[in-house]
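Note sheet for the following structure.
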Amino acid sequence: MSHDYVNILGVPFINTSFAEMESILTNHIDKQEKTFVVTANPEIVMYAKENKDYQKIIQSAHYVVPDGNGILLAANMLQKPIKERVTGFDLTMSLLEEGNKKGWHVYLLGGREQVNKRAAENIEKDYPGINLVGRHNGYFDWEDGQVAEEVAAKAPDIVLVALGFPRQEEWITTNYHRFSKGLFMGVGGTI
């Protein structure tokens with residue numbers, strides 16, 4: 001399936017509705033295809049404009065969704081309107097609802113220990129059909145690769161990475177080769 005994209009300062013945003021994006025990602029998960037999603041707001045676009053390494057990371061994602069009204073405004077200024085805002089928070093909640101129905105396996109990475117633990121408890125309470133296969137706070141040594149190995153061993157359907165930008169996208173791309181499947185999405189402060 002071919003998608004329409006709108007390029008804003010070097011960041012290729014998928015131009016789709018929220019429902020279409022949810023369907024696209026659900027399809028990837030159902031097929032057990034490895035997928036990298038960036039939920040980009042204006043701050044991320046401006047950072048990527050100044051940091052070419054980060055811009056390459058963003059450009060390597062399968063999908064960059066417009067998480068912010070500023071993105072829609074910029075697209076309108078370019079006379080290439082984007083159909084709809086697709087926030088990381090709403091997309092996460094929607095995927096958790098779908099995962100609840102389908103019994104998806106989820107891994108939660110990031111945040112302070114107490115925040116991560118509470119988010120895991122909330123997922124288990126609100127989405128009992130989800131199999132929360134693991135969680136880890138955002139404070140760990142990237143160099144030893146232990147967390148990435150744990151994620152790879154658990155082979156979750158969704159990995160919610162809440163390390164804040166640019167760290168979450170950097171962690172995903174640094175470790176992406178280790179994973180056989182899963183939807184990897186930077187979710188910032190969502191947890």
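Dipole check for the stretch 109-188: with +1 at the C-beta of Lys and Arg, -1 at the C-beta of Asp and Glu, and the Cα centre as origin, the magnitude is about 220 Debye. Based on DSSP H segments of at least four residues, each scored -39500 (n - 2.57), the chain has a per-residue ellipticity at 222 nm of -13500 deg cm²/dmol. A dipole drawn for the chain from +1 and -1 charges on Cβ atoms has a positive end, and of ALA155, PRO66, SER2 the residue lying farthest that way is SER2.
Taking all protein chains together, PHE165, PHE140 sort by accessible area into PHE165, PHE140, largest first [probe 1.4 Å].
Over the chain, accessible surface divided per residue gives 48 Å², non-protein components excluded, 1.4 Å probe. Other residues lying with their Cβ under 15 Å from the Cβ of ILE8 contribute a combined charge of 0, Lys and Arg counting +1, Asp and Glu -1.
Give the value in nm², to one decimal: projected area of the alpha carbon convex hull of the stretch 65-128, averaged over all directions. Don't skip to the answer; put the middle values down first.
Values: hull surface 22.2 nm².
Result: 5.6 nm².
Any chance you could run the full-extension gain for GLU50 through HIS62? It's 0.36 nm times the residue separation minus the Cα-Cα distance, nm to one decimal.
Working: separation 12, 0.36 × 12 = 4.32 nm, distance 2.15 nm.
So the extension gain works out to 2.2 nm.
Once you sort the root eigenvalues of the Cα gyration tensor of the stretch 103-160 as a ≥ b ≥ c, which label holds: rounded (a/c under 1.5), prolate (a/b larger than b/c) or oblate (the other case)? Provide the component values of the computation, followed by the final result.
Details: a/c = 3.43, a/b = 1.34, b/c = 2.56.
Cα axes put the stretch 103-160 in the oblate bin.
The values are calculated or read from the model by the stated rules, or taken from the named source; none is laboratory data. Quick caveat: nothing in here was measured; it's all calculated off a predicted structure. Backbone-built Cβ (ideal geometry, glycine too); neighbour counts: all protein chains shown. Surface areas here come from the heavy atoms of the whole protein model, side chains and all, with no ligands, DNA or RNA. Shrake-Rupley method; radii C 1.70, N 1.55, O 1.52, S 1.80 Å.
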